[in-house]
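One structure is given below, encoded as structure tokens.
The values are calculated or read from the model by the stated rules, or taken from the named source; none is laboratory data. From a predicted model like this one, the values you see are computed outputs, not experimental measurements. Glycine gets a Cβ as well: all are built from the backbone with ideal geometry, and neighbour counts include every protein chain shown.
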Amino acid sequence: MQLTAAEQDILDGRHGEALAGILREQVSVGEFFGAERFVEVTNAHFMGDREVFGQAGANYLTRLADAGVTVRVPTTRNAQSVDFEQAHLLAQSPELVEGEKETRVLLRRLGVSTVNTCIGYQSVYQPRLGEHVAWGDTGTVAYANSVLGARTNYESGAAGLAAALTGRTPEYGFHLDENRRANVRVRVTASLDDHADWGALGGLIGERTRGYWNVPAIEVVDRPGPVSDELKHFGASLASYGSMAMYHIVGTTPEAPTFEAANAGRELIDEFEVSQADIDAFMARDLPDGGPVDLVVFTAPQLSFFESKHIADRLQGNKVSDSVTLLLTTNSLTCEALREQGHMEAITSAGGIVLRGTCWYVMDPAAQREHFGWGNLVTNSAKLVNIIRAHGYTPALRRTDECIDAALTGKVAGR
Amino acid sequence: MTTIETFFRVAQATGAEVEAEAVVSPVAFSARYDLDRTTGLISRNDHPLKGQSVRGKIFIAPGVQGGVAAGWAFLSMRGLGVGPRGLIFGAVNPVMVQGAVTAGLPIVAGVDQEFFETVRTGELVRISPDNHTVAIVR
């Protein structure tokens, strides 16, 4: 890689050995992907589950904090694995709670804003078209590249922090024009009436054209362009099912005024159509005959203010069934606004639990299943459905209002 | 006895040279769901290699899947002394590469299909990132 004088200084240890080591790691990744140089970033987003990074990750962060390095650009942290004030409600282990407290202190010493959100793009910071950033969570990456036209690769684990500390990242993948062009064309005739429908669409496309380097362009024929929350569910699901980091919605997202503009001559690897029947079949994969429900979960990604308000309005004056646990997750900023507007009261009075600064699937859901004896789960998040099966649950994807009905009645309808 | 080394080109590579026994997965690899990260054993119920250990081995798979968990998984496993010593993939995404680099593991990708058809679990394999090659040592 070609290094600037400033980068060579870092590598030569003029800013300390810790930072030199970080830049060496970034050079290794850059050389692997054939990057010719670094690109400066304006913002970073750090993803680290205490449950995944373990003691070795804590030691890694401690070593950096002890070396006195701090972030060079505004840096946020993704959802953490506990809500400190409500950990007891979900029987979370004291070790996990302590581990998260230790992590919070370490990250703050490094200058990371521990806002603990996977929807920073809806509540903390929105990069502009063409802005280079380094974001860690896959759903945030899909949103940044696709909806905002910002430029980032998946910057997992230590990589997001490395970019924050050096203020740059290797220039490969989605930082470059040629990799942002569509190589899959999808015509969608479904009406996509709910967030769950958008998640199902992401799941269908992700399963069929899986791969980090594939970019689908979607032409939605029978409805107006999607709004932020719909794009959020679509991208999170596409990333989860397909490990994909970017998509275009023709006529909606900024790099796709037309299919031709999004494609720019890149060879297509696949071209297909998705109908309402395909979406319905996706939702009917699980619990097609309906049945009793233990858990209704709105999460993955965290809920926006308006998603939360919709649920609050539906719950107003109602009661969640005794046999059901209703969980919502969002960040502290949204929680504060919900409280101020009276929506928090509507949810909690009905018996719902709003978890703050976390996302339910990183809260050790397998341990919760064992502790509470939970099995059947209903959600409007296709991403959650994809993930949670591995933790021993039977999840079913349903539309938002069907999920709320399930919470109130203890039963989910068939499909 | 004569040693025969069969070389294969790799398109992408980083890390130091390493030689170790191969564990060859026929399916794409997920760091979050395939492994017990505290023991290094492949633990997913329907995984063809369930019960085998990656500890001290070179782990080989045609591709990768899953989210960002791999970004920390290898460092965590190295800390516990249960991690692999090298990684060979057909196709790869940034997460796996970032995770390997953080853990100081050599990783290569874009290997000839013939390699995957030839290599067997238990064989000795060498990764040479500087030369952009992998070798089966028989």
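State whether the residues of the stretch A:156-173 include one that is over 29 Å from A:T75 (Cβ atoms) and surrounded by fewer than 24 Cβ atoms within 10 Å (Cβ to Cβ). It would help to see each step written out before you state the result.
Restricting attention to the stretch A:156-173, the residues satisfying the condition of being over 29 Å from A:T75 (Cβ atoms) are none.
Within the stretch A:156-173, not a single residue is over 29 Å from A:T75 (Cβ atoms) and surrounded by fewer than 24 Cβ atoms within 10 Å (Cβ to Cβ).
If we only count strands (runs of 3 or more DSSP E) wholly inside the stretch B:1-109, which ones have 2 or more residues that are in contact with a Lys or Arg (Cβ under 8 Å, 6 or more places away or on another chain) and more than 7 Å from chain A (Cβ to nearest Cβ)? Step through it out loud before you land on a result.
On the way: elements: B:5-14, B:18-24, B:58-61, B:86-89.
Hits in the stretch B:1-109: B:5-14, B:18-24.
What residue, among those in the stretch A:153-167 that are outside any helix (DSSP H, G or I) and facing another protein chain (nearest Cβ under 10 Å), is farthest from A:A56 (Cα to Cα)?
To start, the set of residues in the stretch A:153-167 that are outside any helix (DSSP H, G or I) comprises A:153-157, A:167.
Cutting the leftovers down to facing another protein chain (nearest Cβ under 10 Å) gives us A:153-157.
Working: A:N153: 24, A:Y154: 21, A:E155: 19, A:S156: 16, A:G157: 12 Å.
The selected residue is A:N153.
Restrict the check to the stretch A:179-199 and report whether at least one residue is more than 23 Å from the chain's Cα centre (by Cα), more than 14 Å from every other protein chain (Cβ to nearest Cβ) and exposed (fewer than 15 other Cβ atoms within 10 Å of the Cβ).
Yes, the conditions are met somewhere in the stretch A:179-199.
Where residues in the stretch A:284-330 are in a helix (DSSP H, G or I) and of a type in the set (A, V, I, L, M), which of them is surrounded by the most Cβ atoms within 10 Å (Cβ to Cβ)?
Just the residues of the stretch A:284-330 that are in a helix (DSSP H, G or I), to begin with: A:305-315.
In the following step, the residues that additionally are of a type in the set (A, V, I, L, M) were identified as A:311-312, A:315.
Values: A:I311: 27, A:A312: 23, A:L315: 23.
So the residue we want is A:I311.
Right, A:R63: under 16 Å from B:T102 (Cβ atoms) and basic (K, R) or not?
Numbers: under 16 Å from B:T102 (Cβ atoms): yes; basic (K, R): yes.
Judged against the criteria, A:R63 is a match.
Let's see how each residue does on (1) hydroxyl-bearing (S, T, Y); (2) part of a helix (DSSP H, G or I); (3) farther than 16 Å from A:V41 by Cα:
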{"site": "A:F84", "(1), (2), (3)": "no, no, yes"}
{"site": "A:L89", "(1), (2), (3)": "no, yes, yes"}
{"site": "A:V105", "(1), (2), (3)": "no, yes, yes"}
{"site": "A:R108", "(1), (2), (3)": "no, yes, yes"}
{"site": "A:T117", "(1), (2), (3)": "yes, no, yes"}
{"site": "A:Q126", "(1), (2), (3)": "no, no, no"}
{"site": "A:G130", "(1), (2), (3)": "no, no, no"}
{"site": "A:Y143", "(1), (2), (3)": "yes, yes, yes"}
{"site": "A:F174", "(1), (2), (3)": "no, yes, no"}
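Assuming A:R210 fulfils every condition listed in (1) assigned to a loop (DSSP other than H, G, I, E, B); (2) closer than 16 Å to A:S146 by Cβ; (3) in contact with a helix residue (DSSP H, G or I) (Cβ under 6 Å, 6 or more places away or on another chain) apart from one, which condition is it?
(2)
Taking B:A20 as the residue in question, decide whether it is within 17 Å of B:I60 (Cβ to Cβ) and at pLDDT below 95.
no
Could you figure out which of (1) in a loop (DSSP other than H, G, I, E, B); (2) over 22 Å from A:F84 (Cβ atoms) isn't true of A:A281?
Result: A:A281 passes all but (1).
Please go through (1) farther than 27 Å from A:S156 by Cα; (2) among the basic types (K, R); (3) modelled with pLDDT of 95 or more for B:R138 and return the number of the only condition it doesn't satisfy.
(3)
Condition first: crowded, with 21+ Cβ neighbours inside 10 Å, more than 11 Å from the chain's Cα centre (by Cα) and more than 25 Å from B:I4 (Cα to Cα). Now tell me which residues in the stretch B:98-136 satisfy that.
Residues satisfying the conditions are B:Q98, B:G99, B:V101, B:T102, B:A103.
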